[in-house]
1. Run through the other copies and list how far each one's label point is from that of B:ASP134, in nm with one decimal, shortest first; the point sits 7 Å from Cα along Cα-Cβ.
2. If you place +1 on the Cβ of every Lys and Arg, -1 on the Cβ of every Asp and Glu, and leave all else neutral, what size is the dipole of the stretch B:157-223 about its Cα centre, to the nearest 20 Debye?
3. Can you give the translational diffusion coefficient of chain B in µm²/s, computed by Stokes-Einstein from the Kirkwood radius over Cα pairs at 20 °C and 1.002 mPa s?
4. Can you tell me what percent of all Cα-Cα pairs in the stretch A:41-118 are more than 16 Å apart?
5. Assuming R0 = 30 Å, what is the FRET efficiency of A:ASN37 and B:ARG284, from their Cβ-Cβ distance, to the nearest 0.05?
6. Note down the Stokes-Einstein diffusion coefficient of the stretch B:23-164 in µm²/s, whole number, using a Kirkwood radius over alpha carbon pairs, 4 °C, and 1.567 mPa s.
7. Along its principal axes, what span do the Cα atoms of the protein assembly as shown show, with the longest given first and each in whole Å?
8. Calculate how steeply helix A:89-100 sits against the longest principal axis of the alpha-carbon atoms of chain A, using the helix alpha-carbon long axis, and give the answer as 0 to 90 degrees to the nearest 10.
2 protein chains.
Amino acid sequence: MEVSVIREILKVVSQPDMISLAGGIPAPQSFPMDIMNDLFAGVLERFGSQALQYDRSEGFTPFRQALAEFLHGKGIRVTADDLLVFSGSQAVLDALGKVMLSASTRVAVEAPTYLGALQAFAPYAPQYIRLQSDDQGLIPESLEAALKSNGVTMIYLVPTFQNPTGRTLPLARRKAIAALIQRYNALLIEDDPYRDLRYHGQTLPTIKQFAPDHVVYVGTMSKIFAPGLRLGYCAAPRAVHQWLVVAKQGTDLHTGTLNQALAAEYLNGGYLEAHLPKICHLYRPKLAAILAAIDKYLPAEFKCSRPQGGMFVWVQAPVGWDMQALYWEAIAQKVAFVPGQYFFAHAGEGAETMRLNFTMAQPAVLETAIKRLAGVIAAHKVDHALASA
Amino acid sequence: MEVSVIREILKVVSQPDMISLAGGIPAPQSFPMDIMNDLFAGVLERFGSQALQYDRSEGFTPFRQALAEFLHGKGIRVTADDLLVFSGSQAVLDALGKVMLSASTRVAVEAPTYLGALQAFAPYAPQYIRLQSDDQGLIPESLEAALKSNGVTMIYLVPTFQNPTGRTLPLARRKAIAALIQRYNALLIEDDPYRDLRYHGQTLPTIKQFAPDHVVYVGTMSKIFAPGLRLGYCAAPRAVHQWLVVAKQGTDLHTGTLNQALAAEYLNGGYLEAHLPKICHLYRPKLAAILAAIDKYLPAEFKCSRPQGGMFVWVQAPVGWDMQALYWEAIAQKVAFVPGQYFFAHAGEGAETMRLNFTMAQPAVLETAIKRLAGVIAAHKVDHALASA
């Protein structure tokens, strides 16, 4: 099981003095600790014992209402009834796997794609169809070829600040993809956790907006409130929606009521509006710091993505490099990352890639980490030279 | 899908003036509302931002430690490392289904058994082997016959105050069942949500204590703290344990950190110890009231279980009665229950049975409900007589 290998790999991350660029973890400084008491008091006052009681599988109504309003403000036109709340967006992906996938089904994914999606789908053992991407994300022609060859049960995509690459699909491609899934009557999972973590440039519309009946839009409170509350959600076409409710009921009955009530307070009280700029303000210099350090220290032949938001930078070394081997050498130098190969649905791809997270460490620490990584790469180059001498 | 049928049936429960004996829901008066502020303050002070952060799939370490100590005090000898935390005990059952079951596997269950377990296992499409029960629960000889015929992947049991019947396995049967699963090297799921809701009689040891390497012990905080926090847990044999962690990671990464931190405070601060007697004090007269009302109002040929704890009483009418038909007549009289047929793994069983919950309504309201139910039954008898005249 790949999952277990990654668990073993990432165990070392918690060693003392380790600088971790490995996680996909928000900085604790991004949590609204100063308002948590107010939120909790508001929940007890407004909802009382209801916040501790069993609730509907669909989600806590006040949270869904607040969420619908929040999404509306961003041009995503959904009602509270369209929304289903899950225990993190990971649980949305699991439910989609349960409802849609089996060993005889095919899922089209980017290469690389989000590791958590592969983990969620794994128990249902689907086959994967590899879509082609470039620096702007999924190439629409590649999707069309996959849809033409047919038999695609669903397509999984992170169009904005993709995990792991940080890439964002431009507007024209979003429209082209929306047109394609409508023409071929296909179902697209639009996983959109990083949308609000934009540090530069203009916000783009979702694909959901262009093809509402063909997209399951997946969102989360993890990056804009707190991941420890485990609050994800989706807006799915009706036929999928009703099966997701049945799956949800069998999986965990419903998502925690107290956490949903806290999120309702966070949204309704105007707290998110006030807090979100602080999160972006916290992460913007970190993105600048890691990109500057990469430019300064890494060899020119190591290409990296230039995201305008999100949590990750993707580094691609020349073919022949093995980042899994490099990983253990980096660990010895007290810096951790995720070898890129785990983000590919097909084995044997991505050995020369790595994912770097920039949200956890401070800017100066990010520079130190990249400098150490550059040292490991330089030493490795020498080793290579000696070995072939 | 049966699940959807039940959802439709139970939708009417929220109608105004409805007396619901349908849910499996704790009374809101059983929640420790008076200490929630203290617990929350304790969590922020002790754990700070850690309570809002991503955490281990296995569960929040301070909660697992507190839980291990709590269980130890009850003679269940597990360490924090043995425990895995899930999003409600429903999520334990889902994970067990994911790890253990497929269309080629067999699960041995009581008839009737817990509906939520059937819902959790349904997506994995196992076959069910029917075990025989009497007023004291599972008959060990029936289990032995099932194990002898072999091919049983796992056995699912609620040995204490079973949902739906309220039945409790006596000590001798617990020992006999432990001996059998050891002899046949079988895996037993011991689902134990109601253990602490004992209003009369002596606590019995778990089956886990007699066969620790053959039992997945499943517990929950839902009945002794608050169900809206969605905190379940299990202690499984090592080989199962490690696969459950992998399944858990793909399903929802981990269970809500804040809720686990609240539960750790609840256990460590001695709050549970002080609060649990209040819950039993609240429910004891309700159990007495529903049993007295059944004795007083229902026809003598309607047999009911006599539990010493838990949340449910099981009523069995003479063969020929159809409680699903009766349900809609009862709804018209503003009283709801769950027709018993949904608790059977095999279709066509249990038409003459019903499950009555006694924890939600006040004692006087329980009497009113049973009186109304008796009226519906009496009217139905007349209809029957007219129809056959």
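Here, each number is a calculation from the coordinates, and none is a lab measurement. What you see is a predicted model; the values in this text were computed from it and never measured. FYI the Cβ positions are ideal-geometry reconstructions off the backbone, even for glycines, and counts take in every protein chain you see.
1. List, nearest first: 7.8 nm.
2. Working: 9 positive and 5 negative charges, 47 e Å.
The dipole magnitude comes to about 220 debye.
3. Values: Rh = 21.7 Å.
So the translational diffusion coefficient is about 99 µm²/s.
4. Working: 2005 of 3003 pairs.
More than 16 Å apart: 67 percent of the Cα pairs in the stretch A:41-118.
5. Numbers: r = 36 Å, r/R0 = 1.21.
Efficiency, from the Cβ-Cβ distance: 0.25.
6. Numbers: Rh = 18.2 Å.
So the translational diffusion coefficient is about 71 µm²/s.
7. Sorted from largest, the Cα extents of the protein assembly as shown read 94, 52, 51 Å.
8. 80 degrees
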